[in-house]
1. Under a point-charge model restricted to the Cβ atoms of Lys and Arg (+1) and Asp and Glu (-1), what is the dipole moment magnitude of the chain relative to its Cα centre, in debye to the nearest 20?
2. Specify which labelled value, from (1) 0.93; (2) 1.56; (3) 1.13, agrees with Rg/Rh (Cα atoms, Kirkwood Rh) derived from the coordinates of the model shown.
3. Kirkwood Rh and Cα-based Rg: tell me the resulting Rg over Rh for the stretch 25-67, rounded to two decimals.
4. Along the charge dipole of the chain, which of Ser16, Val38, Leu26 sits closest to the positive end, that is, farthest toward it, with unit charges on the beta carbon of Lys, Arg, Asp and Glu (+1, +1, -1, -1)?
5. Kirkwood Rh over alpha-carbon pairs of the stretch 1-59, then Stokes-Einstein at 37 °C and 0.692 mPa s: what D in µm² s⁻¹, rounded to an integer?
6. Taking the chain as the reference, fit the longest principal axis to its C-alpha atoms, fit the long axis of helix 64-80 to the helix C-alpha atoms, and give the angle between the two in degrees, 0 to 90, nearest 10.
7. Given contacts defined as C-alpha pairs under 8 Å and at least six residues apart, what's the relative contact order of the chain, whole-number percent?
Amino acid sequence: MTPDNNNDENINAELSTLKNQVFILLVALIVVSGTLTVGLYRQVSIAGKDMQQCQQILASDGNQALINNIVGQLVNYGEKHPDYLPVLKKYGITPSGTAPVAPKK
């Protein structure tokens, strides 16, 4: 064996090893991206179902009395506990008994 022939074999072995590493990394990339895609799709579908439920709750008039009752209880709690007032103010609920204002974003 000549030194050139031995050098060519080393280069071929290194190229083969690099090809294997690239292939393994590509497979790993496909698996990770597929897993991420499935996870994000699941989150989007769950969020869509939650959005539909929220829209149904807001659309029904029967729940308005329940919502008003909950807001009233929050106002009563805020009047007894002044440290809770900033939370009520954040969501536009005023303890003075006036109508709630839409929250600022």
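1. Numbers: 8 positive and 8 negative charges, 185 e Å.
Magnitude of the dipole: close to 880 debye.
2. (2)
3. 1.42
4. The one lying farthest along the dipole's positive direction is Val38.
5. Reported coefficient: 208 µm²/s.
6. 80 degrees
7. It rounds to 11 percent for the chain.
Throughout, read-outs are computed from the coordinates displayed, never taken from laboratory work. What you see is a predicted model; the values in this text were computed from it and never measured. Glycine gets a Cβ as well: all are built from the backbone with ideal geometry, and neighbour counts include every protein chain shown.
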